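Below: the structure, in structure tokens.
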Amino acid sequence: MEMRFRSFLRKCHTRVMDSERQIQRLIILMVVLGAVFYIYCFYYARLRWEVNDWNERPAKKIDDLYGTDPELKAVHERMVSEAGQLSSEITIITAYYNLGKLNKGKKFGLGGYTPERYKSWMSVFGRIDNPLIVFTDSQEIVDIFTQSRSHFSRERTIIVPLNRTNLWAFSLAPKIKEIFSQTGYPSYDPNTVNENYSCVMHAKFELVNKVIREKMFHTKYISWLDIGLYRGVVDEKHIFPIRLPPDFDQDKIAYSGQHKFDSSLSPYQIIVEDRTWVGGAMFLGRPEVMFVYTQDYMNAVKKLLSENMMSTDQQVIYIMFQPNFPIQPRVEIQTYTTHSTDDWFYLGYAIKETWDVHLRKAVSILKFLHTIL
């Protein structure tokens with residue numbers, strides 16, 4: 001009997017010890033997780049404490065360019081003469097050219113951006129209450145946008161069939177492919193691997209320039225918008241407009257700020273390290289300012305190609321604003337950011353959130369009135 005009792009006590013003691021070890025492990029795990037969370041919070045808090053004085057740079061005036069650039073002068077004269085007829089809205093410009101499956105957005109080696117994925121993102125454009133201009137060389141894409149925008153008046157949607165072979169940007173493909181094939185050239189798929197992906201990034205600026213030059217818009221502001229920017233709200237149902245962001249500088253181009261600007265980087269270093277400063281999915285401004293900016297961008301692309309360097313629009317933009325780059329931009333960029341280094345689409349979502357807040361307030365007022373009537 002006594003032996004059984006002692007055995008029972010030993011078992012109880014062992015169980016207690018095991019329970020204590022488990023509790024100790026749990027406490028250690030909680031401490032580790034707490035420390036990681038604290039470091040995470042401190043890191044992002046520090047990013048927000050950093051001084052970002054980029055937007056304090058004064059805007060560059062382009063008035064003196066009207067006398068030297070006939071096309072820019074024509075744009076300006078139109079904006080002045082038609083000021084009373086032009087809407088204060090923003091004309092949205094986008095495009096889709098099928099490049100097949102892209103090695104972007106993968107997690108654990110899975111996923112990627114497929115044409116079907118892009119088509120699902122296109123549904124959001126059916127809820128954007130702005131004048132829209134779409135370029136594509138696919139009848140299927142024409143049909144998708146025609147159907148999704150059918151509830152808007154016809155003049156609010158312009159779909160332009162335009163073959164990629166007729167675009168300057170795609171004519172650069174052979175040269176870009178040659179650059180990407182250089183021995184030792186950095187390999188970031190698709191940025192410095194797929195020449196057509198690089199081309200379609202440059203096409204944004206060519207198409208915005210085309211819209212302005214050919215008077216395809218009837219608003220006081222213009223914005224480029226990537227197909228996938230609003231991917232996070234595909235499942236929403238309500239219509240929303242894209243308006244000017246808060247504190248917008250009329251003489252600058254608005255972008256989402258991704259990282260703090262580093263003026264010490266060389267063009268090749270920006271490409272080799274795949275550096276970014278702004279997110280290229282959306283940019284907006286006045287037509288005159290956008291016209292000058294797109295000219296400068298395309299000239300920067302030509303300069304980089306002549307020096308056997310190329311990547312995407314995000315690297316080109318970073319390079320062209322470097323103080324030692326030969327082709328200096330004639331307009332400034334205004335960044336919108338939370339300083340989190342993950343603000344690729346911040347400008348677009350900040351604009352939408354402003355409208356959503358307004359919508360929620362309106363709904364609350366209507367509900368209140370309904371209760372008292």
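Per residue, how many Å² of accessible area does region 260-306 show with a 1.4 Å probe? Before the final figure, lay out each step's value.
On the way: 1370 Å² over 47 residues.
Normalised by residue count, the accessible surface of region 260-306 is 29 Å².
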### Task
Compare MET282, MET298 by solvent-accessible area with a 1.4 Å probe and give them largest first, with all protein chains kept in place.
MET298, MET282
### Query
Among TYR268, GLY279, HIS238, which residue has its Cα positioned farthest towards the positive end of the charge dipole of region 158-293, with +1 placed on the Cβ of Lys and Arg, -1 on the Cβ of Asp and Glu, and the dipole taken about the Cα centre?
HIS238
### Task
Please give the length that would be gained between SER340 and GLU236 if that part of the chain were fully extended, namely 0.36 nm times their separation in residues minus their C-alpha to C-alpha distance (nm, one decimal).
34.9 nm
### Extended-chain gain in nm, criterion 0.36 nm per residue less alpha-carbon gap, ALA173 and ASP53
39.5 nm
#### Entry: Total formal charge among the other residues, if their Cβ is under 15 angstrom from that of MET309, Lys/Arg +1 and Asp/Glu -1
-1
## Note on the structure
Under the 7 Å Cα-to-Cβ spin-label approximation, SER87 and THR146 lie apart by a distance in nanometres of 2.1
### Message
Accessible area per residue for region 98-242 in Å², computed with a 1.4 Å probe and the full protein assembly in place, what is it?
### Response
47
## Note on the structure
So the carbon and sulfur contribution to the accessible area of region 138-241, 1.4 Å probe, in percent, is 49
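The values are calculated or read from the model by the stated rules, or taken from the named source; none is laboratory data. Remember, it's a predicted structure, so these values are computed and weren't measured experimentally. Because the Cβ atoms are built from the backbone with ideal geometry, glycine has one as well, and the counts that use them run over all protein chains shown. Each accessible area value is taken on the protein alone, full model and side chains, heavy atoms only, with ligands, DNA and RNA left out. Shrake-Rupley method; radii C 1.70, N 1.55, O 1.52, S 1.80 Å.
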